[in-house]
Amino acid sequence: MDQLHEVVAGNPYPGRGVLWARTLGGALCGGYFLTGRSASSKARVLRRGEGELIVSPTGASVHDPLRHYVAARERGGWLVFGNGEQVAVVADRLLADQRPVDALDGLEYEPDPPICTPRITVVADVAADAGAGREAWFGAARRSRGGRTTTDRMTLAVRDLEPGDVVLMTTYRSDGHVVATAEPYLEARTEAAGRDELLEELWSGLPPELRVAAAAFEPGRLADAVIRHETPARV
């Protein structure tokens with residue numbers, strides 16, 4: 001199985017991505033990253049809120065709900081992270097005692113034709129036993145690769161990760177010329193001993209000219225997330 005760095009580096013334009021991993025040190029970690037091609041997509045920063053990580057515009061940029069949103073939220077025993085407004089929606093549903101599979105249902109892909117960016121989301125139970133059996137749920141709302149405009153929804157339950165295992169979702173897949181909806185999910189391996197090394201491996205694999213921000217965090221410790229930005233002065 002390919003290493004995380006190789007998987008990420010093999011995609012010239014991954015868009016945004018989420019991952020769930022167990023480091024060689026045994027810690028479960030979530031990860032989130034965003035890349036951008038346009039000036040407005042690059043003019044973003046990951047900021048800390050109360051129990052949240054927020055993608056915000058820099059400088060005098062105008063708020064855009066497709067670019068600026070809560071990227072991670074940890075409340076009520078749940079950690080939720082993803083690439084859009086659905087993170088807040090799913091977190092609220094979980095607080096209303098919906099099951100993860102139900103909280104991830106009914107989401108739509110982004111209204112940004114012609115690419116129709118998928119909504120990708122991860123849910124983890126912070127209160128569960130931190131052992132190998134802790135489960136995470138990936139959700140994806142995607143437009144069909146055929147002619148249908150209805151949303152295809154996928155929920156993937158991931159458990160029993162061994163040290164070094166990584167599960168990854170990205171919004172796009174590119175050959176360097178054409179950008180398309182990415183594969184439903186990918187699996188990889190990591191040599192990272194802990195959260196900080198996992199972030200560095202992810203960051204180093206992203207195309208340098210497209211990197212915007214990335215974060216890695218352990219469930220129950222979102223406030224201690226490690227964050228990288230392409231331009232440190234943005235923070």
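Every number here is computed from the coordinates shown, using simple stated rules; none is lab data. Just so it is clear, the structure is predicted and the values come from calculations on it, not from any experiment. Reconstructed Cβ throughout: ideal geometry from the backbone, glycine too, with neighbour counts over all protein chains shown.
Things worth noting here:
- Modelled label positions at Glu108 and Arg37, each set 7 Å beyond Cα in the direction of Cβ, lie 2.4 nm from each other.
- Euclidean distance between Cα centres, segment 191-207 to segment 37-62, Å: 21 Å
- Tail beyond 27 Å, pair distance distribution of the chain (Cα, percent): 27 percent
- Rough spin-label spacing in nm, given labels placed 7 Å along Cα→Cβ, for Asp2 and Val178: 1.8 nm
- Glu85/Ala193 FRET efficiency (R0 30 Å; Cβ-Cβ; nearest 0.05): 0.30
- Glu162 versus Arg221: modelled label distance in nm, points set 7 Å from Cα along the beta carbon direction: 2.5 nm
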